[in-house]
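Undergrad: Below you'll find the structure I mean.
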Amino acid sequence: MKFGVTITSGATPWQIFQQGSDGTASIHLEGEYRLIQLSQELPLQFTELPHAKTTVKVRIALESTGENVIPWTCATVLDERHWEITFEHVPAGGLYRIETYMDFEGWNGLSCSRGDMIHNIGVGDIFVIAGQSNAAGRAKNPVADDPELGIHVLRTSAQWELATHPLGETTGAVHVGHYENHNPGHSPWLHFAKRLKKELGYPIGLVPTAYGGSPLRWWNPEENGALFTNMMEMLGDYNIHPKAVLWYQGEAEGYEDSANTYLERFSALLRHTREALAQPDLPFITVQLNRCVSDSTEYLDRQWATVREAQRQAWHTLHNVTVVPANDLALYDFIHNSAQGNLVIGERCALAALDVCYGRHTDWMAPEPEAVRLIAPDTVELKLSRIRNWVNPFDVPAAWLPFDAEDEDGLLHPVSYVTGNDSLTFTFERPLGENPRLHGAWRMNPGFSIPCDCMRISMLSFYNVPIEKA
């Protein structure tokens with residue numbers, strides 16, 4: 001028999017509540033109460049008491065010390081069995097616990113005043129994870145990335161838990177719209193959340209909705225859209241309006257002959273997501289594709305290059321979209337990032353989020369072409385933007401460089417190059433003809449020497465950037 005005060009809805013253990021713009025969250029609780037008197041001897045016997053004037057009280061306390069966050073507050077008693085209360089301004093922070101108890105007329109030492117408790121809740125920010133297998137995480141090589149109190153995950157079971165790898169595992173799933181056909185592994189997002197919590201000082205929640213191998217059409221409601229529907233159902237369980245979307249997808253487009261429309265279809269996904277959540281400024285923090293080292297062709301190279309360029313252009317042309325590179329990171333297998341690489345992605349995305357979502361002005365933006373000029377018939381100068389230190393091409397032989405020029409007569413690879421502080425100057429085996437373009441780190445496997453801003457971050461991949469004639 002349930003007796004005393006019980007909580008029936010409004011909060012669950014480990015739940016993170018999304019704060020509003022004022023740094024607080026509203027928590028509405030509902031429950032029941034039952035008046036019981038206990039016997040004086042063991043085993044206990046329960047006698048239900050007739051209705052008496054009852055007061056149900058609720059408080060929110062720090063889990064660590066028991067100190068009040070919101071002191072004992074009288075709930076509204078609706079009838080002889082039910083109560084409710086709304087805490088309008090629960091401050092960002094935690095971990096908290098919710099406690100309940102009741103007073104009533106005729107209480108004596110044997111009357112039951114006990115109440116339910118809900119442990120380890122927090123108020124902070126929630127991020128939804130979407131995309132395909134590198135968003136879900138597939139790395140199985142060991143790395144230290146421990147769970148941490150205040151970093152919690154909403155599983156496909158619709159239950160909040162302490163966040164641990166694999167974030168997207170589907171034990172007890174009730175949301176089977178993206179029921180994984182392989183066990184996921186390590187992903188970037190636990191480290192991402194820990195970095196944010198360290199900087200911001202309050203809990204972070206994660207909602208993994210990614211699905212391995214999923215093409216963009218499974219996300220875009222104007223095409224198949226099934227994963228979009230699944231994502232909205234998962235968020236709807238707790239009426240979540242996330243702080244941002246963490247998006248890592250596009251490998252499937254490289255194989256599906258759909259790269260040329262990626263930007264248009266990704267834009268549609270943004271629009272529908274923001275409309276469905278009534279969040280017109282919802283940020284999308286995206287990761288540009290890393291490499292794939294399986295057998296390739298020039299056709300596949302161009303498909304992957306087109307997707308990467310669309311991801312770069314999304315940053316420049318779509319509202320509240322950011323992109324970070326992954327092209328310099330090690331793999332776990334032929335296409336999935338290693339656990340160590342995931343830590344770097346998590347760090348890069350956290351720095352982007354701190355700037356875009358919180359105005360912290362971090363130096364997260366990667367170098368990309370600022371100017372590409374033909375300074376001699378066979379010579380091209382590439383000037384890179386946002387070089388804080390100096391360009392580092394690792395002094396590799398020209399044959400190892402991940403750059404190619406292209407004109408009406410085909411592709412050209414540099415035969416030599418010169419490194420400047422913020423530039424690379426390439427010499428080719430012949431003069432460039434009409435309509436010359438430059439590609440950088442563009443192939444499906446661009447090689448393992450991606451130039452970077454030394455001591456900071458690698459450049460973004462780019463494709464079909466026009467070469468300006470002097």
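The values are calculated or read from the model by the stated rules, or taken from the named source; none is laboratory data. Note that this is a predicted model, so its numbers are computed, not measured. Methodologically, a virtual Cβ is constructed for each residue, glycine included, from the backbone with ideal geometry; neighbour enumeration extends over all protein chains shown. Ligands, DNA and RNA are excluded from the accessible area calculation, which covers all protein heavy atoms including side chains. Shrake-Rupley method; radii C 1.70, N 1.55, O 1.52, S 1.80 Å.
Undergrad: Just to confirm a number: summing +1 for Lys and Arg and -1 for Asp and Glu over residues other than His186 whose beta-carbon lies under 13 angstrom from that of His186, what do you get? It would help to have the intermediate numbers written out before the result.
TA: Working: positive: Arg138, Lys140; negative: Asp145, Asp146, Glu169, Asp333.
Overall, the nearby charge balance is -2.
Undergrad: Rounded, prolate or oblate for segment 280-349? Axes are the square roots of the Cα gyration tensor eigenvalues, ordered a ≥ b ≥ c, and the cut-off for rounded is a/c under 1.5. Display every interim value, and only then the final one.
TA: Working: a/c = 3.33, a/b = 1.28, b/c = 2.60.
Cα axes put segment 280-349 in the oblate bin.
Undergrad: Something else about it: Using the membrane-span-like helix rule (whole DSSP H runs, Cα extent along the own axis of at least 18 Å, mean Kyte-Doolittle hydropathy at least 0.0), which helices of the chain qualify?
TA: Values: long enough: 262-277 (22 Å, -0.31); 298-317 (27 Å, -1.44); 339-356 (25 Å, 0.82).
The answer, listed by residue number, is 339-356.
Undergrad: Please identify which residues in segment 322-348 have an amide N closer than 12 Å to a label point set 7 Å out from the Cα of Asp355, following the Cα→Cβ vector.
TA: Hits in segment 322-348 for Asp355 at 12 Å: 322-325, 348.
Undergrad: If I take all pairs of Cα atoms in segment 152-262, what percentage of them are more than 20 Å from each other? Let's see the in-between values first.
TA: On the way: 2663 of 6105 pairs.
Of all Cα-Cα distances in segment 152-262, 44 percent exceed 20 Å.
Undergrad: Let me ask something else about it. Ordered by residue, what ³J(HN,Hα) values in Hz, to whole numbers, does segment 452-466 give under the Karplus form 6.51 cos²θ - 1.76 cosθ + 1.60, where θ = phi - 60° and Gly and Pro are x?
TA: 9, 6, 3, 6, 9, 7, 6, 6, 6, 5, 8, 8, 6, 7, x
Undergrad: Which shape class applies to segment 250-310: rounded if a/c is under 1.5, otherwise prolate when a/b exceeds b/c and oblate if not, where a ≥ b ≥ c are the square roots of the Cα gyration tensor eigenvalues? Intermediate values should be presented prior to the final figure.
TA: Details: a/c = 3.48, a/b = 2.43, b/c = 1.44.
Because a/c hits 1.5 or more and a/b exceeds b/c, segment 250-310 counts as prolate.
Undergrad: Compute the Cα gyration tensor for segment 253-378, then decide on rounded, prolate or oblate, letting a ≥ b ≥ c be the square roots of its eigenvalues: rounded whenever a/c is under 1.5, prolate when a/b is larger than b/c in the other cases, and oblate in all that remain. Don't jump to the answer; show the numbers that get you there.
TA: Values: a/c = 1.33, a/b = 1.31, b/c = 1.02.
Since a/c stays below 1.5, the shape of segment 253-378 is classed as rounded.
Undergrad: I'd like the accessible area for Tyr299, computed on protein heavy atoms only with a 1.4 Å probe and all protein chains in place. Round to 10 Å², please.
TA: Estimated to the nearest 10 Å², Tyr299 gives 110 Å².
Undergrad: Okay, which of segment 210-241 sit inside 20 Å, backbone N to the point 7 Å along the Cα-Cβ direction of His28?
TA: Residues passing the 20 Å test: 233-241.
Undergrad: Still on this model: Go ahead and run the numbers for FRET between Val396 and His319, Cβ-Cβ distance against an R0 of 35 Å, rounding to 0.05.
TA: On the way: r = 38 Å, r/R0 = 1.09.
Calculated value: 0.35.
Undergrad: Can you list the equivalent-ellipsoid semi-axes of segment 51-178, largest first and in whole Å, using the square root of 5 times each Cα gyration tensor eigenvalue?
TA: 39, 17, 13
Undergrad: Here is a further query. Taking the dipole about the Cα centre of segment 188-345, with the C-beta of Lys and Arg at +1 and of Asp and Glu at -1, give me whichever of Leu282, Trp247, Ile204 is farthest to the positive side.
TA: So the residue furthest toward the plus end is Ile204.
Undergrad: Can you pull the one-decimal nm distance between simple spin-label points at Glu434 and Cys74, each 7 Å off the Cα toward Cβ?
TA: With each label placed 7 Å out from Cα toward Cβ, I get 8.7 nm.
Undergrad: Above 18 angstrom, tally the Cα pairs of segment 120-179 and express them as a % of all pairs, no decimals. Let's see the in-between values first.
TA: Values: 707 of 1770 pairs.
More than 18 Å apart: 40 percent of the Cα pairs in segment 120-179.
Undergrad: A further question follows. How big is the charge dipole of the chain about its Cα centre, in debye rounded to the nearest 20, if each Lys and Arg gets +1 on its Cβ and each Asp and Glu gets -1 on its Cβ? Kindly include the intermediate steps, with their values, before the conclusion.
TA: Details: 35 positive and 58 negative charges, 159 e Å.
The calculation lands at about 760 debye.
Undergrad: A follow-up question, please. Quick check: residue separation of Asp257 and Ile375 times 0.36 nm, minus the Cα distance between them. What number comes out in nm? Spell out each step's value before the answer.
TA: Details: separation 118, 0.36 × 118 = 42.48 nm, distance 3.57 nm.
Computed gain between Asp257 and Ile375 is 38.9 nm.
Undergrad: Right, next: Report the residues of segment 189-214 in range of a label on His241: point 7 Å along Cα→C-beta, backbone N strictly under 16 Å from it.
TA: Once the point is set 7 Å along Cα→Cβ of His241, nothing inside segment 189-214 turns out to lie under 16 Å by backbone N.
Undergrad: Rounded to the nearest 0.05, what FRET efficiency do Arg388 and Leu411 have when you use their Cβ-Cβ distance and R0 = 25 Å?
TA: With R0 = 25 Å, the Cβ-Cβ based efficiency is 0.20.
Undergrad: Taking Cα extents along the principal axes in Å as the quantity of interest, determine which of (1) 71, 58, 44; (2) 99, 40, 39; (3) 75, 70, 50 was computed from the displayed structure.
TA: The value computed from this structure is option (2).
Undergrad: Let me ask another. Quick one: net charge around Met455, please, counting Lys, Arg +1 and Asp, Glu -1 for every other residue with C-beta under 15 Å from its C-beta. Can you show the working numbers first?
TA: On the way: positive: Arg348, Arg386, Arg388, Arg456; negative: Asp328, Glu347, Asp363, Asp422, Asp453.
Cβ neighbours under 15 Å give a net charge of -1.
Undergrad: With an 8 Å cut-off on Cα pairs and a minimum separation of 6 or more residues, tell me the relative contact order of the chain in percent. Show your work: numbers first, answer last.
TA: Details: 1156 pairs, mean separation 56.1, N = 470.
This gives 12 percent for the chain.
Undergrad: Now for a different question. What is the magnitude of the charge dipole of segment 143-274 about its Cα centre, with +1 placed on the Cβ of each Lys and Arg, -1 on the Cβ of each Asp and Glu, and no other charges, expressed in debye to the nearest 20?
TA: Charge dipole of segment 143-274: 500 debye, to the nearest 20.
Undergrad: Here's a follow-up. Tell me which residues come under 5 Å, amide H to amide H, from Leu206 once H is placed; ignore anything under 5 positions away on its chain.
TA: When sequence neighbours closer than 5 places are left aside, the close amide H contacts are Phe127, His152, Val153, Leu154.
Undergrad: Among residues other than Leu62 whose Cβ falls under 12 Å from its Cβ, what is the net charge (Lys/Arg +1, Asp/Glu -1)? Intermediate values should be presented prior to the final figure.
TA: Numbers: positive: Arg59, Arg97; negative: Glu63, Glu67, Glu99.
Cβ neighbours under 12 Å give a net charge of -1.
Undergrad: Return the Rg/Rh value of segment 351-408, two decimal places, where both radii are evaluated on C-alpha atoms and Rh is the Kirkwood radius. Intermediate results must be reported in sequence, preceding the final value.
TA: Values: Rg = 15.8 Å, Rh = 14.3 Å.
Radius of gyration relative to Kirkwood radius: 1.11.
Undergrad: Considering Cα pairs under 8 angstrom that are at least six residues apart, work out the relative contact order of segment 354-426 and quote it in whole percent. List each step's numbers first, then the result.
TA: On the way: 97 pairs, mean separation 19.6, N = 73.
Relative contact order for segment 354-426 comes out at 27 percent.
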